[in-house]
Amino acid sequence: MPFVYSTSTNNTDYVEYGASPPGGRPPVIRRVTVNGRANVPDSAKTLYTPSSVGTEISQEDADWLSQHEAFERHVKAGFMILSKAKTAPAKVAAGMKAKDGSAPKTPADFETAPKTGAIA
């Protein structure tokens, strides 16, 4: 089965809609949810903070995602990878963008911050 690996903080839904009926909402034809929670500590277990998360999907969904415009933007931005095989998420994350803009700040983020003339 194919896998999608993500360094996104939040789950991401990729959706295909049908034609809207008059005055109504378009029906959802297909929805593929890619798990997030990368760079977020899992306080329920051991405070482990995964750098990447894998989501197993069907081959049909993989074929559809590979043609999905928003998914392709996320792949090009370095936050998603579609893989044919299961791999350790941390190993896959080594070649991906480390985190998205919604990831929690860490002490390392403040070490590289520009110094301001704030009063001590």
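Using the Karplus curve 6.51 cos²θ - 1.76 cosθ + 1.60 with θ = phi - 60°, what ³J(HN,Hα) values do you get for each residue of the range 2-15, in whole Hz, with x for Gly and Pro?
Karplus values, whole Hz, x for Gly and Pro: x, 10, 10, 9, 9, 9, 7, 6, 10, 4, 10, 9, 10, 10.
Work out the count of Lys pairs in the chain where the Cα-Cα distance is under 16 Å, with the pair 8 or more places apart or on different chains.
Values: LYS76/LYS97; LYS76/LYS99; LYS91/LYS99; LYS97/LYS105.
Qualifying lysine pairs in the chain: 4.
Do you know the relative contact order of the chain, to the nearest whole percent, from alpha carbon pairs under 8 angstrom that are 6+ apart? Intermediate results must be reported in sequence, preceding the final value.
Numbers: 200 pairs, mean separation 41.5, N = 120.
Value for the chain: 35 percent.
What are the residues whose amide H is under 5 Å from the amide H of ASN10, where those residues sit 5 or more places off or on another chain and H is modelled from the backbone?
Counting only residues 5 or more places away or on other chains, the set is ARG37.
List, in order, the whole-Hz ³J(HN,Hα) value for each residue of the range 53-66 obtained from phi through the Karplus relation with A = 6.51, B = -1.76, C = 1.60 and θ = phi - 60°; use x for Gly and Pro.
Using θ = phi - 60°, the values come out as 10, x, 10, 7, 10, 6, 5, 4, 5, 5, 4, 5, 4, 5 Hz.
If one computes P(r) from the Cα atoms of the range 26-91, what percent of pairs lie at distances over 17 Å? Kindly include the intermediate steps, with their values, before the conclusion.
Numbers: 1078 of 2145 pairs.
That fraction is 50 percent.
Thinking of the chain as a set of Cα atoms, what percent of all their pairs are more than 17 Å apart?
Working: 4471 of 7140 pairs.
Everything past 17 Å amounts to 63 percent.
Pull out a ≥ b ≥ c, the square roots of the eigenvalues of the alpha-carbon gyration tensor of the range 59-104, then state rounded if a/c is under 1.5, prolate if not and a/b is larger than b/c, and oblate in the remaining case.
oblate
Going through the range 1-37, which trypsin sites (Lys or Arg not before Pro) have at most 16 other Cβ atoms within 10 Å and a DSSP loop state?
Working: sites: ARG30, ARG31, ARG37; in loops: ARG37.
Taking the range 1-37 and a limit of 16 other Cβ atoms within 10 Å, the loop trypsin sites (Lys or Arg not before Pro) found are ARG37.
Please get the size of the charge dipole for the chain, origin at its Cα centre, with Cβ charges of +1 on Lys and Arg and -1 on Asp and Glu, quoted in debye to the nearest 20.
The calculation lands at about 280 debye.
Given contacts defined as C-alpha pairs under 8 Å and at least six residues apart, what's the relative contact order of the range 1-54, whole-number percent? Walk me through the intermediate numbers first.
Numbers: 94 pairs, mean separation 21.8, N = 54.
Relative contact order for the range 1-54 comes out at 40 percent.
Rounded to the nearest 0.05, what FRET efficiency do ALA70 and ALA108 have when you use their Cβ-Cβ distance and R0 = 30 Å? Walk me through the numbers before you get to the answer.
Numbers: r = 29 Å, r/R0 = 0.98.
Between ALA70 and ALA108 the formula returns 0.55.
Each reported figure results from applying straightforward, stated rules to the coordinates on display, with no laboratory input. Being a predicted model, the structure only gives us computed values, none of them experimental. Cβ sites come from the backbone with ideal geometry, for glycine too, and all protein chains shown count toward neighbours.
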